[in-house]
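Visitor: Take this structure, written in structure tokens, and hold onto it; I'll ask about it next.
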Amino acid sequence: MSGERTVTLIPGDGIGPALADAVVRIFAAAAVPIAWERITAGDQALRSHGAAIPAELIASVLRTRVALKGHLAVRLGEERENPNVALRKLLDLYANVRAVQSFPGRTSRYPGLDLVVVREATEGEYAGIEHRVVPGVVESIKVTTERACTRIARFAFAYAAAAGRKQVTAVHKANIMKRSDGLFLECCRAVARDYPAIAFRDLIVDNACMQLVMDPYRFDVMVMQSFYGDLVSDLCAGLAGGPGVVPSASFGDDRAVFEAVYDDAPAAAAPGGANPMILLVSALAMLRHLGLGAYAERITAATAAVLGEGREVTRDLGGTADTRAMADAIIARLGSG
Ligand code: IPM
Ligand code: MG
């Protein structure tokens, strides 16, 4: 069909293929004008091609500029870099964004919550530089560069300005990591001066976590380095209702990978039974990114109807449906949505 947008699809490992299948079928039923370029990556690609991230994956994303991805499996203790992190670095996807809002039809402790976590994703604790100094002593090196800090601060402020948001909070631990986090904070302050219409403040990460749990409505956009962002983004996803509520997107300057957030353990524990929303929410964010928001709204309404009825939902939502059956229920509601 002409006018179709090509998107790279990376089903990934574990529950990934079942989640990807659910999204592909829901999108087809909603006549979303997307053509998928499906790429095998992760464990399966490691076995067949000797690389968890095959060259054709990178080439595909550089061509399509947008991808939807499940999780690439990792074995703890394995020496090679986590492939999910490696992919972000290879594609220079430096800004991981979680827009934290509740999902229509799902209960949340904090109704109407609306905040955004912007996380630097290529360096800091995620630089992946570790070595054994002597037996029994290991050093992990946190790399902080002015370039990456300024780039993520600019991204956060530009995002806030474009979305009409009022406040940016830099989250750090500069009272302990005086040089690295101090540099991050300095870069954020410098960028903040270019955005006088947006209020800027900074918070130490532990205090930010406490305030988030007590009153998350005090927050708007937050920006932080990789590891704090990993923790805070999951904390915020929990505030909004748990897995499958908050989308995750990793942006480079001219490309974006929309990602499912899950890890290997639940993937193994829930064969066939995983909640399709885990990938669907990120796929809906991708549609909005592509200017296909009307399709996203229609699918959201159908999903909200299924959630509201509460019968054809997966176990984590109190039902007995498997991934496919819940996707079928969403498809069945598309007409009425
Ligand atoms: C996330 C995930 C990843 C991370 C894992 C899968 C490498 O937890 O996207 O938050 O740590 O960044
Ligand atoms: Mg995480």
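Visitor: Of the conditions (1) modelled with pLDDT of 95 or more; (2) more than 13 Å from ligand 1 (Cβ to nearest atom); (3) not in a helix (DSSP H, G or I); (4) not aliphatic (A, V, I, L, M), ARG288 clears all except one; give me its number.
Guide: Just one mismatch for ARG288, condition (3).
Visitor: Can you give me the number of residues within region 95-122 that are within 16 Å of ligand 2 (Cβ to nearest atom) and either over 24 Å from ALA158 (Cα atoms) or part of a loop (DSSP other than H, G, I, E, B) (or both)?
Guide: Our first condition is that a residue be within 16 Å of ligand 2 (Cβ to nearest atom); within region 95-122, this holds for 95-100, 116-122.
Still in the list and also either over 24 Å from ALA158 (Cα atoms) or part of a loop (DSSP other than H, G, I, E, B) (or both): 121-122.
Qualifying residue count for the region: 2.
Visitor: Then there's this: Quick one: in region 1-30, of everything that is free of Cβ contacts under 8 Å to residues at least 24 places away in the same chain and either outside the structural domain of LEU68 (by TED's automatic domain parsing) or more than 20 Å from the chain's Cα centre (by Cα) (or both), which residue is nearest to VAL313 (Cα to Cα)? Steps first, answer last, please.
Guide: So the first thing to find is which residues in region 1-30 are free of Cβ contacts under 8 Å to residues at least 24 places away in the same chain, and the list is 2, 24, 28.
So of that shortlist, the ones also either outside the structural domain of LEU68 (by TED's automatic domain parsing) or more than 20 Å from the chain's Cα centre (by Cα) (or both) come out as 2, 28.
Numbers: SER2: 35, ALA28: 20 Å.
Out of the qualifying residues, it is ALA28.
Visitor: Looking only at region 49-91, how many residues end up being more than 26 Å from PHE227 (Cα to Cα) and in contact with a strand residue (DSSP E or B) (Cβ under 6 Å, 6 or more places away or on another chain)?
Guide: 2
Visitor: Answer yes or no as to whether ARG47 is modelled with pLDDT of 95 or more, outside the structural domain of PHE184 (by TED's automatic domain parsing) and under 28 Å from PRO17 (Cα atoms). Explain how you work it out, then say what you get.
Guide: Details: modelled with pLDDT of 95 or more: no; outside the structural domain of PHE184 (by TED's automatic domain parsing): yes; under 28 Å from PRO17 (Cα atoms): yes.
Considered against the rule, which asks whether it is modelled with pLDDT of 95 or more, outside the structural domain of PHE184 (by TED's automatic domain parsing) and under 28 Å from PRO17 (Cα atoms), ARG47 comes out as no.
Visitor: Here is a follow-up. Where in region 166-278 are there helices (runs of 4 or more DSSP H), lying wholly inside it, with at least 3 residues that are more than 16 Å from ligand 1 (Cβ to nearest atom)? Lay out the reasoning, then the answer.
Guide: Values: elements: 180-192, 205-214, 226-240, 264-269.
Fully inside region 166-278 and qualifying: 180-192, 205-214.
Visitor: Consider region 87-109. How many of its residues are more than 19 Å from THR300 (Cβ to Cβ) and at pLDDT below 95?
Guide: Residues of region 87-109 more than 19 Å from THR300 (Cβ to Cβ): 87-96, 109.
Restricting the remaining residues to those that are at pLDDT below 95 gives 109.
Looking only at that region, the number is 1.
Here's the yes/no breakdown for (1) among the hydroxyl-bearing types (Ser, Thr, Tyr); (2) in a strand (DSSP E or B); (3) surrounded by fewer than 16 Cβ atoms within 10 Å (Cβ to Cβ):
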{"residue": "ALA59", "(1), (2), (3)": "no, no, yes"}
{"residue": "LEU68", "(1), (2), (3)": "no, yes, no"}
{"residue": "HIS71", "(1), (2), (3)": "no, no, no"}
{"residue": "VAL74", "(1), (2), (3)": "no, no, no"}
{"residue": "GLU78", "(1), (2), (3)": "no, no, yes"}
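Visitor: Filter region 318-336 down to the residues that are buried (at least 20 other Cβ atoms within 10 Å of the Cβ) and either among the hydroxyl-bearing types (Ser, Thr, Tyr) or more than 17 Å from VAL24 (Cα to Cα) (or both), then identify the one that is nearest to the chain's Cα centre (by Cα).
Guide: Ranking the candidates gives THR323 first.
Visitor: Related question: If the requirement is being within 21 Å of ILE152 (Cβ to Cβ), at pLDDT 95 or above, within 16 Å of ligand 2 (Cβ to nearest atom) and acidic (Asp, Glu), which of these qualifies: ASP194, ASP230?
Guide: On the way: ASP194 fails: within 16 Å of ligand 2 (Cβ to nearest atom).
Among ASP194, ASP230, only ASP230 is within 21 Å of ILE152 (Cβ to Cβ), at pLDDT 95 or above, within 16 Å of ligand 2 (Cβ to nearest atom) and acidic (Asp, Glu).
The values are calculated or read from the model by the stated rules, or taken from the named source; none is laboratory data. If you're wondering where the values come from, they're calculated on a predicted model, not measured in any experiment. Don't worry about glycine lacking a Cβ; one is built from the backbone with ideal geometry, like all the others, and counts go over all protein chains shown.
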